[in-house]
Amino acid sequence: MVIGEGKPIKDILFMIENYSKIILAGCRGCVTVCSAGGEKEVGILASALRLARQNEGKEIEIKEVSLERQCDPEYLEEIRSFVDEYEAILSIACGAGVQFLAETYKKTPIYPGINTNFIGVTQEQGVWTERCQSCGNCKLHLTGGICPITRCAKSLLNGPCGGSSDGKCEVNPETDCGWQMIYDRLKELGKLDQMEVIIPINDWTTSRDGGPRKIVREDLKL
Amino acid sequence: MRLSYPTNIKIIKLPCTGKIDVLYLLKAFENGADGVYVAGCMEGDCHYLTGNLRARKRVEYAKKILDEVGIGGERLAMYNMSAAQGPRFVEVANEMTERIKELGPSPIKRKSTVKGSK
Amino acid sequence: MVNLTIDGRKVEVEEGTTVLKAAEKLGIKIPTLCYFEALTPQGACRLCVVEIVGGARRGLSASCAYVAEEGLEVRTDSKRVIEARKLVIELLLLRCPDVPKLQELAEEIGIDRARYERFKPEEEKCILCGLCVRVCQELMHVGAINFVNRGSSRKVSPPFDEYSSVCVTCGACEVVCPTGAINLDEITKNIPRPIKADFDERLATRPSIYLTFPQAVPKVPVIDRQTCMHFLNDACGACESFCGPKAIKYDQEDEVRELDVGSVILAPGFELTNPSLKDEYGYNRYPNVVTSMEFERILSASGPYQGHIQRPSDQSGPEKVAWIQCVGSRDNSCDKGYCSSVCCMYATKEAIIAKEHSPDIKPTIFYMDIRAHGKGFDQYYERARDDYGVRYIQCQISKIVEKPKSKNLIIAFIDKEGKVVEEEFDLVVLSLGMTPSTSSRELAEKLGIETDSYGFCQTDSLNPVKTSRPGVFVCGSFEAPKDIPETVSQASGSAAFASELISEARGTLICEEEFSPERDISGEEPRIGVFVCHCGINIGGVVDVPAVKEYAKSLPHVAYVDENLYTCSQDTQTKIKEVIKENNLNRVVVASCTPRTHEPLFQKTIREAGLNKYLFEMANIRDQCSWVHMDKKEEATKKAKDLVRMAIAAASYVEPLQEQELSVTKRALVVGGGASGMAAALGLADQGFEVALVEKEKELGGNLRHLHYTLRDDGIQTYMQSLIERVKNHPLILVITDGVIVDFTGFKGNFKTGIMAGPGMAYRQIEHGVTIIATGGEEYKPEEYLYGQDKRVMTQQELEGKIVRDEINLGHVNEVVMIQCVGSRIPERPYCSRLCCSAAIKNALKIKEKNPQSRVFILYRDIRTYGLLEDYYTKARKAGIIFIRYDLEEKPQVKIEKGALQVEVDDPALGERVVLNPQLLVLSSAIVPRENEELATLMKLQRTQEGFFLEAHMKLRPVDLATEGIYLCGLAHSPKPLDESLSQAAAAVSRACTLLAHDTVSVGGMVARVDGEKCAVCLTCVRVCPYDVPFINEEGVAQIDAAKCQGCGSCAAECPGKAIQLQHCEDKQIIAKSIALFKVEAV
């Protein structure tokens, strides 16, 4: 899922400085699961913003809503009936949701309340870690199910750099070396010979460097 | 025991401090509290096993938010005490009252009142 | 009844009621000085004047004496009244300017400075109201004092200004005097003798009418006829006048009642050993030598010194405090040969609490052996020693000497080096033992049951709760000295046996309550009824209840408000029901005392009126207001309004909740076929319930198969055989051997357990209403002291087997060494295995019995033959068994020298290293739980660090697990000897029966509920629930079983989608309270 975390409250306050009537929109999708933008966070952030503004002596009215998903057009309609009564929307969905809202409600300024960080997993309750950089060219079949693009700080494709020591990464000694993990996993699987297969230079055209990507399924299109 | 404590202490009862929501803490300040404290069981003695340990973490989180919005995290505290410790309850009530008196009224009360909607 | 109007408000009162009392009913306060509830009013002080504006006698009148008439109109606040009262106070102040009570009254009525000069140069406190004189005459029938002289020399005095000879020093005059003018010393030469409070160990005093102890059930006061003036002199009777509900009945007599019962349980408890038995410690002679129970009261916040640690001689705070253990225990010189079992732990606890209270206190405990044999006790003892700095000195103290001037106490003891040292202490606590009381001995005699030589009830180790008389059972310290967990567990155990005898009659004496259907309130706007309680003077004396009532009327959704003297009284319940119906109320708020005691009563009342019991809120304006803000009446009233406003706000959001009734599967599953499991299965089956008993081995028996004799019984194997026979042949017991539990679902009353059993591992499922865990423990296989490397080294259990099977020729064994605490009380396994000391003594005695010439050494750290087992320790020492103490730091060394076993150990008594060459080295090995991790995971049961199952509460719920419907007994709980396991098995039976005896269980109410629409299936609830209740259901959303949810609300607090609400404690209800609390503009 998409993992995000709340922006510092002072940054948000700065963004909405000039408004006194806003919508705070959460999302019941990924950001609920990673506790960044669900209904609970909507309540807490709204309360915090009101407190801050009360402290500044500047009134603010906040309409609290949680949309089913901000990345599907139908769900964005949930706020259509009252959106014009408000000066701005603060969305705590992922970057996709924020943009989609902005596209849908062109007249209303949209602000992001969270930073969208990565595609990842719940490592344990309260801990999320990155697993995928959506490069569009999956190589997990070659690397024992561990992504070198994501897990190696340098996204190396053919083994570790010279900075791998004691299984840790030189970029951040607290991070496990991606290639050490790949090696260990392959060894466990009895497939160490995979290590010798040279992975060719990556084709980054499928990745984000080539501009916004698009997938069309003709069979599904209406 | 009927030990006396300051009248400004008002209690909102929860089944366990594990039910404490960061939102309740913030809302209390929004509604006009000058200080809030959570009184939980002694650590290790939670009737529901770990509620008071979870509560302490949430209180810490809420303190951080209160710092960020300029209310001040020192207006929020968590104390552990057992039902048998009447004098401890009074001691905490006095300690917290003193602390809040020193800090003065909540900064938002010195400003204009603000409307919110949900 | 008569109707009158006071300050424009109408009130109806009984005929004969005074205007003062009528005003009180309206909550109008009239100041008084000479008025006393129990005396005929005299109207002497004139402070209570009111103006009669309509009626026969118009003008100013004393309200305390004016009897209300029909149609009377009274003003208590007119200008004339105020002026008159002002004058009264001013004149009184003129005479007694220094009396605080008058100064207060002056301030209240608004006199800021006196208009007149001081009348008398000397200090005068008496206002000549005559209350004292009237009390002495009218109430006490004594007449020791009266008014003497005239005019300005008028005063209250005994005749001729001499000391009175008739005064009974009751002190009533002192008590009633409103200004503190009476001094008993000036009236009589008799010295008042305050009544000592037994509950406070006679360190504090009490009145003649009193609560026997704060936790008394029922919590009603009693009158001590020995000291009560009413019973002594047919006088007084004040308590009768004061008691609002008229509960005082002087003519109550003891009655003899006959009850037909099927079984009897004896639980008469114990007495403390008389400290005078040990005269050498100077109790009674030295004020600063106190008993452990006295010290317990001294520590208590509700005790004689309000929890400040003081010593009796001079009320100073002691610094050096010593405890002397085994006072009247383990002492044959005073016929108390047994160990009292609890004193080591209570002394440790007292030392810790004392230290927590005043960190300057330096506690020292003089002991013989530290007996921390209970679950978790050794860790507690170590914490006392290492973290709190409690000093433990192993030495028996022979006497205490007092220093006459300082009243400090000198104790001589032998230190580690063997030198005699004298040390001075500020306070000495005697750790008194337990002894059966004289009355329980008499009881035993009356019932014809046998007691032992100490007076404890006789039982045998295989029937630990049965007395010598069938149908009479025993529990607690009358059976033997024991701590709380064993007492509670034995109490449940005796209940099991007692109810087994009469199980056929179960449920025959019950009458069921029937309720009319609940009214559907959906779609209705909240209509709230508010009842504000005076609680006599408990609330009304501090909080202005009428003002709170008036205020409540102004709040949103409030449709009805009333005040009651006692909202909990029977007639108020009737009234509440009527009011609900008449006013079509759909929510009720009671502002009174604590919901802990009274919520169920009010919930029942509204239910009887057709409202769902959850449509109720309570504001605790007593415990949280009047009781704790007594001296701040105005602020207390303001706070009471706040609390009421909060309750009303929350009440607007409460919703009806339905509890579900689910049928109970009347079958038990017992896991484990050892002694505990078999005893539990038989117990349940004998009560008439079906039982499935699962044993993972091929055979039943467990550890019993290795146990042949105990200190008290030889026939263990016979007992086991009969137990197995009875279990196997019982028509209600299904025995599954070779069984492994593979799955487990359900909740109390409705469990389903999957078992793979038999050689083919066939799967079957058992449905059952309760579960008893008796998975047991086993002897730890040592890795130390050459065990496993040399055949001459063995465990106690192995030795016992070899002796019984004649595999050892004891005639040829000259020297045996036993080492205690092998694998116990070490950092990896910090607990005491409880039964190894007695096992070692049992086997040592057996060896001595077979070969009296043999030398048997027991190397120990503390001998823990607690309770009556101590007699066997004495017997062993008499039999010549040699006990050598060793420290954890200096463990015995074991090696093989020239083929012979050699054990070396430092003997602290000799101060030398002893070298022994035993033919047998027996290790008293720890008891460890049997493999139970998988079961714990399947059933989601908590375990201690050491792997024993963790009960719901160590002391008060020793056989319940945290999950309802699952109970625990035997070694799976903690190490314990056979009799205690059997007693605990019976306790588990009893607890299980409380559930099985019902046809249905009620579930739901204040539990968490998931809104599937909002659920993001994030698993947060699944992870945070301490009881593993939430799961993701077939519809792909979280689900919480109402029957399993304990209602803590953790999941609701953490759900990131706000999809979970704890019913009756929902966000909107809590936040409504918080908003209402601060909505100041409404006040």
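Any read-out appearing in this document is the output of simple, stated calculations on the displayed coordinates, not a laboratory observation. Just so we're clear, the structure is a prediction, and the values are computed from it rather than from any experiment. Cβ placement follows ideal geometry from the backbone for every residue including glycine, while neighbour counts extend to all protein chains displayed.
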Where in the stretch C:380-411 does the amide nitrogen come within less than 12 Å of the point 7 Å from the Cα of C:SER316, taken along Cα to Cβ?
-> C:405-409
Residue-by-residue Karplus 3J(HN,Hα) for the stretch C:188-196, coefficients 6.51, -1.76, 1.60, Hz, glycine and proline x = 9, 8, 4, 8, x, 10, x, 7, 7
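Quick one: net charge of C:THR937's neighbours, Cβ under 13 Å, K/R +1, D/E -1? Display every interim value, and only then the final one.
Numbers: positive: C:LYS940, C:ARG943; negative: C:ASP743, C:GLU931, C:GLU933, C:GLU934, C:ASP1028.
Taking every other residue near C:THR937 into account, the sum is -3.
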Summing Lys, Arg as +1 and Asp, Glu as -1, what charge do residues with Cβ under 9 Å from the Cβ of C:ARG297 carry, C:ARG297 excluded?
-> -4
Using the alpha carbon gyration tensor of the stretch A:2-118, what are the three equivalent-ellipsoid semi-axes (square root of 5 times each eigenvalue), largest first, in whole Å?
-> 20, 17, 12
Non-local amide H neighbours of C:TRP323 (under 5 Å, H modeled in plane, Pro and chain starts lacking H): which ones?
-> C:THR364, C:ILE365, C:PHE366, C:VAL429
Tilt of helix A:95-104 relative to the longest C-alpha principal axis of chain A, in degrees (0 to 90, nearest 10)?
-> 40
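Taking the Cα centre as origin and putting +1 on Lys and Arg beta-carbons and -1 on Asp and Glu beta-carbons, what dipole magnitude results for the stretch C:2-109, to the nearest 20 debye?
It comes to approximately 280 debye.
Where does the charge balance sit around C:LEU139 when Lys and Arg score +1, Asp and Glu -1, over other residues with C-beta under 12 Å from its C-beta? Write out the running numbers ahead of the final one.
On the way: positive: C:ARG134; negative: C:GLU37, C:GLU138, C:ASP234, C:GLU240.
Once all neighbours under 12 Å are counted, the net charge is -3.
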Under 19 Å from the Cα of A:LYS63, which aspartates and glutamates turn up, not counting those fewer than eight places away in the same chain?
-> A:GLU17, A:GLU39, A:GLU41, A:GLU77, A:GLU78, A:ASP84, A:GLU85, A:GLU87, B:GLU30, C:ASP1067
With only Lys, Arg, Asp and Glu charged, each at its Cβ (+1 for the first two, -1 for the last two), find how big the charge dipole of the stretch C:603-755 is about the Cα centre; round to the nearest 20 debye.
-> 480
For the stretch C:933-1002 and the stretch B:62-89, write down the distance between their C-alpha centroids in whole Å.
-> 37
Find the all-direction average of the projected area of the Cα convex hull for chain C, expressing the result in square nanometres with one decimal place.
-> 53.8
Once phi is turned into θ = phi - 60°, what whole-Hz ³J(HN,Hα) does the Karplus curve with 6.51, -1.76 and 1.60 give for every residue of the stretch C:162-171, x standing for Gly and Pro?
-> 9, 5, 6, 8, 9, 4, 9, 6, 6, x
Grab the DSSP H runs of chain C that are 4 residues or longer, score each as -39,500 (n - 2.57), total them, divide by all residues and round the 222 nm result to the nearest 500 deg cm²/dmol.
-> -7500 deg cm²/dmol
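In chain B, how does Rg compare with the Kirkwood Rh, expressed as the Rg/Rh ratio over alpha carbon atoms?
Ratio of gyration radius to Kirkwood radius: 0.97.
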Are any of the pairs C:LYS846/C:LYS875; A:LYS7/A:LYS168; C:LYS278/C:LYS336; C:LYS29/C:LYS553; C:LYS29/C:LYS632 more than 18 Å apart by Cα-Cα distance, and if so, which?
-> A:LYS7/A:LYS168; C:LYS29/C:LYS553
For the stretch C:131-186, what number results from the quotient of the Cα radius of gyration and 2.2 N^0.38 Å?
-> 1.04
Among beta bridges assigned by DSSP with both residues in the stretch C:780-926, the antiparallel ones amount in percent, to the nearest 5, to 40
List the residues whose amide H sits under 5 Å from the amide H of C:ILE195, counting only those 5 or more places along or on another chain, with H placed 1.01 Å from N in the peptide plane.
-> C:ARG206
Residue list for the stretch A:176-194, given a label point 7 angstrom along the Cα-to-Cβ vector of A:ALA153 and an amide N cut-off under 19 Å | A:176-183
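Taking every pair of alpha-carbon atoms in the protein assembly as shown, give the share separated by more than 56 Å as a whole percent.
Tail of P(r) above 56 Å: 39 percent of Cα pairs.
How long are the three semi-axes of the equivalent ellipsoid of the stretch C:1005-1078, in whole Å, if each is the root of 5 times an eigenvalue of the C-alpha gyration tensor, listed from largest down?
Working: eigenvalues 100, 34, 21 Å².
After diagonalising the Cα gyration tensor, the semi-axes are 22, 13, 10 Å.
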May I ask you to give the average projected area over all directions of the convex hull of the Cα atoms of the stretch C:528-655, in nm² rounded to one decimal?
-> 6.5
Footprinting proxy, C:THR865, C:THR32, C:THR438, B:THR7: sorted fewest to most Cβ within 10 Å, the residues are C:THR438, C:THR32, B:THR7, C:THR865
If each residue's Cβ is checked for other Cβ atoms within 10 Å, how do C:ARG311, C:ARG805 rank with the fewest at the top?
-> C:ARG805, C:ARG311
log10 I(q)/I(0), Debye, Cα-only the stretch C:2-109, no solvent, q = 0.09, 0.12, 0.17 Å⁻¹?
-> -0.22, -0.39, -0.76
Förster radius 22 Å - calculated FRET efficiency between C:ASP460 and C:ILE484 (Cβ-Cβ, nearest 0.05) | 0.40
Spin-label point model (7 Å from Cα, Cβ direction): what's the B:LYS101 to C:ARG792 distance in nm?
-> 7.8
In chain C the DSSP beta bridges are antiparallel at a rate, in percent to nearest 5, of 50
Dipole magnitude of chain C about its Cα centre (Cβ charges: Lys, Arg +1; Asp, Glu -1), debye to nearest 20 = 1320
With axes computed from alpha carbons, what is the tilt in degrees of helix A:178-189 against the longest principal axis of chain A, rounded to the nearest 10 within 0 to 90?
-> 60
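Fewest Cβ neighbours within 10 Å first, please rank A:ASP193, C:ASP314, C:ASP907 accordingly. Don't jump to the answer; show the numbers that get you there.
Values: A:ASP193 8, C:ASP314 12, C:ASP907 15.
Final ranking by Cβ density, sparse to dense: A:ASP193, C:ASP314, C:ASP907.
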On a 0 to 90° scale, report how tilted helix A:39-56 is relative to the longest principal axis of chain A, with both axes built from alpha carbons and the result rounded to the nearest 10.
-> 60
The answer for C:ILE826, listing residues at least 5 apart or on another chain whose modeled amide H is closer than 5 Å to its amide H, is C:TYR831
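Using a Förster radius of 60 Å, what is the FRET efficiency between A:LYS139 and B:GLU91 based on their Cβ-Cβ separation? Nearest 0.05, please. Don't skip to the end; give the middle numbers.
Working: r = 63 Å, r/R0 = 1.05.
So the FRET efficiency works out to roughly 0.45.
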Please give, to one decimal in nm, the separation of the simple spin-label points placed at C:GLU138 and C:PHE213, each 7 Å out from Cα toward the Cβ.
-> 4.0
Inter-label distance for C:ASP1028 and A:GLN123, nm, one decimal - labels placed 7 Å from Cα along Cα-to-Cβ | 2.5
Modelled FRET efficiency - R0 45 Å, C:GLU699 with C:SER302, Cβ distances, 0.05 increments = 0.20
Under Karplus coefficients 6.51, -1.76 and 1.60, residue-wise ³J(HN,Hα) of the stretch A:61-69 in Hz, glycine/proline x = 10, 10, 8, 9, 9, 10, 8, 4, 8
What is the antiparallel percent of DSSP beta bridges lying wholly in the protein assembly as shown, to the nearest 5?
-> 50
Provide Rg over Rh for the stretch C:673-784; use the alpha carbon set for both Rg and the Kirkwood Rh (inverse mean inverse pair distance).
-> 1.01
